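One structure below.
No value in this document is a laboratory result; all are computed from the given coordinates. Just so you know, these numbers come straight off a predicted model, no measurement behind them. Note that each Cβ is placed from the backbone with ideal geometry, even for glycine, and that neighbours are counted across all protein chains shown.
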Amino acid sequence: MDSLKRIHLACRAAVAALAPSTYFISTGILMLCCISIRYTGGSEDNSKGVLRNAYLSLDPELVYNLITGCGWLAATIISGTIVKRYFKEENQGIHYLAMPLSNPERFATSLLMNWLFASIVSFLPLFLICLLGYYLSPDYVLMVSPLEHAEWLLIGPLLHLFTLSFWLFPTVAYGKKAGFVIVAGIIAFIIYLTNTRGRMSDRVSLKYDYSVFDANDVVGLHRSGAFKKELAAAFQIPDLLTMQMVLTGFAIMLLFLVAYLAFTRKTV
Amino acid sequence: MIITATNLYHAYGKKPVLNGVDLNIRRAGITGLCAPNGEGKTTLMKTMAGLQFPTGGSIEVLGQCPSERPLDLLQRLYYLPSEPYFPKWTPRKIAAYYGPFYPNFNNQLFIETLREFRVDIDKTLDKVSFGQKRRAQLAFALATRTQLLLLDEPTTGLDIQGKDQFRRALISGTEAGQTIIIATHLLSEIAPVLDHVLVLNEGKIDAHLAIDVAERFYSFNLTTTALPYGDKGYARRVPGGWLTVHADGRAGDAAFDLETLYLALTDGRLPRPDMKATN
């Protein structure tokens, strides 16, 4: 039997061992996000939202962020599930990557499963949902065609590959040592956030400029007397940003779980 | 040479479990590996299977280093843990997905062993009893027909018929040239089929005996009184008196009993025959 055949067999066994719910993780996360940021439930004043037949504009960047964020989180969960099973089997000596494979074959299988398969299962459903939404959504929902931003399909998996390279492969290859690096990386990331985002104000100071605001003859500014009274304009952090922070926190918890798995390995 | 370990050392944290294991297994056959609880039976087997890496020393299995996990070795070795992870599939599906990894996997043998074990090949393993599940796992292990088979507590959960069928399957495995190492506490259950016995004690191989040599070297007697003071034998209380073991060449009137011999070696510190000559 040649290497490709063995890799195929290993991937086939790994895919067969996954629970059916794996295929719905990304869709589920997207639904949760949509509900929590009230695309379906309407805005705070209950005047917008798909369920209320009200006008709704989906910003392309927002859709892009949603696909990338939800897809990445789903892919990380799937990879985490696979690697958790790998460690379990490794300790118990049965199946999947504990089966007879050479080290390059094991690496190829791991890459195919944790990156390619996890990416396809995570990002493709989101893309198809957006595509379906674009064609089936009523006129009052304004959104761009996902086909015009097909690069989303590539950016998400690349992001997943980047983070995967940070935690998965070192964890498999170096076990406990990788656990220390992962924990150190997470701590560094938290310190970075504390020193940057944590200091960010939700209000932005606008410099008072008489030369602009006092000019009553400028179109659009003649009724903006409020600008003279306000030293700072309100700047609301979008809901999406809050969601991103929640997702980031969740991802960090997953990484801690992986670090725990790395630490508790018995082989190294 | 099938297995060679030299000064093998393994520790969990600061606690050494294997503390200078020296081991040579040269010939095919069935070897029983016995040790008190927590003395490193499973660790030694996992080290042989390349699933655990030794902290020190070296080990070669079938001429290769198991911790490097070379493909050739993994295809010629199967390790069945005491509590294996098996997917909740039918035995037929398990064989279809995992059998092809082993070049000598014999599907016909798998089906026949399952039939002999009275396990339904089309019933998922989450819907059968623990004993049935264990039989399916053993059937898969035996059907891999690997050169080296490592079985950790294989008889756990088997009924009397199951144990008998298992012993017969082991014999057919050795007839096909397999080397089988069985880690167990229940020596009496596999004693009839053993060729060698390994005693692991305090992290070292305490004794490595060929059964036929041991049968000649040790004598067993049933007496009504305990051993007199100064006797260098070992006596075990049994119904009706004492079963004594001696290594001084005296004649014996009782049957060879492996469990009593194990106790005599570990607790009684009886002398061993020349280990190099017997293996």
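Net charge of the neighbourhood of residue B:36, taken over other residues with C-beta under 12 Å away and scored Lys/Arg +1, Asp/Glu -1, is -3.
Computed from the C-beta positions of residue B:37 and residue A:188, the FRET efficiency with R₀ = 30 Å rounds to 0.10.
Local charge for residue B:269 was computed over the other residues whose Cβ lies under 11 Å away, with Lys and Arg +1 and Asp and Glu -1, and equals 0. Between helix B:107-116 and chain B there is an angle of about 60 degrees, using the helix long axis and the longest principal axis of the Cα atoms.
Between residue B:274 and residue B:253, the distance separating the two model label sites (each 7 Å from Cα on the Cα→Cβ line) works out to 3.3 nm. Among the listed pairs B:133/B:204; A:177/B:41; B:41/B:163, those with a Cα-Cα distance over 23 Å are B:133/B:204; A:177/B:41. To the nearest 0.05, what FRET efficiency results for residue A:144 and residue B:124 with a Förster distance of 41 Å applied to their C-beta separation? Between residue A:144 and residue B:124 the formula returns 0.30.
On full extension, the segment bounded by residue B:175 and residue B:12 gains 54.9 nm, given 0.36 nm per residue less the C-alpha separation. Rounded, prolate or oblate: pick one for region B:69-188, where a ≥ b ≥ c are the square roots of the eigenvalues of its C-alpha gyration tensor, a/c under 1.5 means rounded, and failing that, prolate if a/b is larger than b/c, else oblate. Verdict is rounded for region B:69-188. Net charge in the neighbourhood of residue A:144 (other residues with Cβ under 14 Å of its Cβ; Lys, Arg +1, Asp, Glu -1) is -4.
Counting Cβ atoms of other protein chains within 10 Å of each residue's Cβ and taking the mean over peptide A:14-25 gives 1.
A simple spin-label model places the labels of residue B:83 and residue A:163 3.2 nm from each other, with each point 7 Å out along Cα-to-Cβ.
Here the contact order of chain B, divided by its residue count and restricted to Cα pairs under 8 Å and six or more residues apart, works out to 20 percent. The residue A:257 and residue B:237 beta-carbon pair, evaluated with R₀ = 45 Å, returns a calculated FRET efficiency of approximately 0.30.
Looking at region B:96-227, the DSSP beta bridges with both ends there are about 55 percent antiparallel. In this Cβ point-charge picture (+1 for Lys and Arg, -1 for Asp and Glu), chain B has a dipole of about 600 debye about its Cα centre. Of all beta bridges that DSSP places with both ends in chain B, some 65 percent have antiparallel geometry. In this simple spin-label model, placing a label point 7 Å from the Cα along the Cα-to-Cβ direction at both residue B:107 and residue A:195 gives a separation of 6.2 nm.
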